[in-house]
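Engineer: To start, I am sharing the structure in question, which I have written as structure tokens.
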Amino acid sequence: MSALKPVEFVQTMIDIGEAKTKTSTRDLLLRGTMAGIILSLAVVVAITTIVQTGIGIVGALVFPVGFVILSLMGYDLVTGVFGLAPLAKFENRPGITWGRIFRCWGLVGLGNLIGSLIVAFLVAVSLTNNFSIEPNAVVNKFIAVTTARTVGFENLGMDGWITCFVRGIFCNLMVCLAVIGNMTSKSVSGKVAAMWLPIFIFFALVFEHTVVNMFLFPLGMILGADFGLATYLNYNLVPTILGNIVGGLVFTCIPLYLTHVKTAPSIDVEEEIDAQPVLSK
């Protein structure tokens with residue numbers, strides 16, 4: 001059978017989490033950078049498709065191609081290591097400390113940011129013929145989307161911040177399910193299907209993803225969107241990062257770890273304990 005049982009792929013999750021925390025600085029940065037590049041290009045494909053068809057759901061259907069490619073190549077998104085890396089600590093794997101986990105998060109995230117910014121600049125050059133023509137429909141779509149999800153949240157104040165945070169939770173619940181989906185099958189077709197479905201859901205429902213937003217909003221600013229760095233950080237990137245941590249770790253990876261590794265006693269064991277006589281003193 002090509003499909004793995006949950007108890008099997010959860011052990012793989014722990015092993016991969018341990019491996020990520022022990023990976024060299026160079027490799028974490030390189031894998032993170034390449035993941036940022038590929039995912040950013042997938043955003044461009046999705047937005048272009050939405051503009052061409054006028055149908056948002058079509059963009060959601062094509063967007064997972066980027067996640068599938070980077071996952072099969074063994075590249076890393078910080079959203080994935082938000083959920084996986086702590087599992088090795090929970091399992092008391094030798095040498096795993098919170099310092100190593102935060103190092104892993106930081107280096108992968110930095111790599112994602114580098115890749116995202118590189119593509120943001122190059123895509124801006126491509127869409128504007130090196131800033132020599134007026135904005136086209138795709139450029140205007142990027143400006144509209146990024147403005148709505150920064151200035152729009154800022155205008156709502158704390159309500160906007162909380163909204164972005166909650167969307168970040170939902171996003172990484174789905175994204176970490178896709179990361180894990182890559183571990184649930186031994187066949188490429190099975191891996192692709194298991195990854196495609198959760199990523200489609202996150203994009204279709206316009207949830208907030210740290211690495212997507214590392215690309216999308218800098219691109220919006222380069223193209224002339226009317227918001228600044230402080231608005232982007234305070235009302236999008238920061239709540240998105242925090243929401244992604246909660247969604248990936250608390251809502252996805254920890255429940256799988258608890259129910260398939262740290263399982264509670266079976267009902268037969270509980271009944272056996274209840275049936276044992278109580279010895280009087």
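Engineer: Would you mind checking which residues have amide H under 5 Å from Asp76's amide H? H placed 1.01 Å from N; only 5 or more apart, or other chain.
Structural biologist: Gly32, Ala35
Engineer: Same structure, new question: Cβ neighbours within 10 Å, averaged per peptide: list 80-89, 126-135 in order, most packed at the top. Each step should come with its number before you reach the end.
Structural biologist: Working: 80-89: 25.8, 126-135: 11.5.
Averaged packing, sorted descending, gives the order 80-89, 126-135.
Engineer: Then there's this: Could you let me know the centre-to-centre spacing of segment 107-150 and segment 1-60, using Cα atoms, in angstrom?
Structural biologist: Computed from Cα coordinates, the inter-centre distance equals 20 Å.
Engineer: For segment 14-130, rounded, prolate or oblate, judged on the Cα gyration tensor with a ≥ b ≥ c (square roots of eigenvalues), a/c < 1.5 rounded, else prolate if a/b > b/c? List each step's numbers first, then the result.
Structural biologist: Values: a/c = 3.47, a/b = 2.01, b/c = 1.72.
Taking the square roots of the gyration eigenvalues as a ≥ b ≥ c, segment 14-130 is prolate.
Engineer: To the nearest 20 debye, what is the magnitude of the charge dipole of the chain about its Cα centre, counting +1 on the Cβ of each Lys and Arg and -1 on the Cβ of each Asp and Glu? Don't skip to the end; give the middle numbers.
Structural biologist: On the way: 16 positive and 16 negative charges, 132 e Å.
Roughly 640 debye for the chain.
Engineer: So who's got an amide H within less than 5 Å of the one on Ser185, skipping anything under 5 residues away but keeping other chains? H placed 1.01 Å off N, in plane.
Structural biologist: Counting only residues 5 or more places away or on other chains, the set is Leu4.
Engineer: Can you give me the % of accessible surface on segment 130-232 that is carbon or sulfur? Probe 1.4 Å, all protein chains present, nothing else counted.
Structural biologist: Numbers: 2930 of 4360 Å².
That share works out to 67 percent.
Engineer: Quick check on packing: order 149-156, 50-57, 225-232 by the mean number of other C-beta atoms within 10 Å, highest mean leading. The partial results should precede the final answer.
Structural biologist: Details: 149-156: 19.2, 50-57: 12.8, 225-232: 15.9.
Highest-to-lowest ranking by the protection proxy: 149-156, 225-232, 50-57.
Engineer: For Cα extents along the principal axes in Å, the listed values are [x] 59, 47, 41; [y] 88, 42, 37; [z] 54, 53, 37; which was obtained by calculation from the structure presented?
Structural biologist: [y]
Engineer: Also, I was wondering about something else. Hey, what's the chain come to in accessible area per residue, 1.4 Å probe, Å²?
Structural biologist: Here the residues of the chain average 47 Å² of exposed surface.
Engineer: Grab the Cα-Cα distance for Ala230 and Leu4, subtract it from 0.36 nm times how many residues apart they are, and report the gain in nm with one decimal. Could you put the intermediate results ahead of the total?
Structural biologist: Values: separation 226, 0.36 × 226 = 81.36 nm, distance 4.51 nm.
Taking 0.36 nm per residue and subtracting the Cα distance, the gain is 76.8 nm.
Engineer: Give me the percent of accessible area attributable to carbon and sulfur for segment 15-56, probe 1.4 angstrom.
Structural biologist: Values: 1160 of 1820 Å².
Carbon and sulfur together cover 64 percent of it.
Engineer: Oh, and also: Along segment 150-155, what does the Karplus equation 6.51 cos²θ - 1.76 cosθ + 1.60 (θ = phi - 60°) give for ³J(HN,Hα), rounded to whole Hz, x for Gly and Pro?
Structural biologist: For segment 150-155, the Karplus curve yields 10, 4, x, 5, 4, 5 Hz.
Engineer: I've got another one for you. Across the chain, how many lysine pairs separated by 8 or more positions, or lying on different chains, have Cα atoms within less than 27 Å?
Structural biologist: Number of lysine pairs found: 19.
Engineer: Still on this structure, please answer the following. Can you find, among Thr252, Gly109, Leu156, the residue farthest towards the positive end of the dipole of the chain? Put +1 on the C-beta of Lys and Arg, -1 on that of Asp and Glu.
Structural biologist: Sorting the options by dipole projection puts first Gly109.
Engineer: Figure the gain on full extension for Val188 and His260 (residue separation times 0.36 nm, minus the Cα-Cα span) and round it to one decimal in nm.
Structural biologist: On the way: separation 72, 0.36 × 72 = 25.92 nm, distance 2.44 nm.
Extra length from Val188 to His260 when fully extended: 23.5 nm.
The values are calculated or read from the model by the stated rules, or taken from the named source; none is laboratory data. Please read these numbers as outputs of a predicted model, since none were measured by experiment. In this analysis, Cβ positions are derived from the backbone assuming ideal geometry, glycine residues included, and neighbour counts consider all displayed protein chains. Each accessible area value is taken on the protein alone, full model and side chains, heavy atoms only, with ligands, DNA and RNA left out. Shrake-Rupley method; radii C 1.70, N 1.55, O 1.52, S 1.80 Å.
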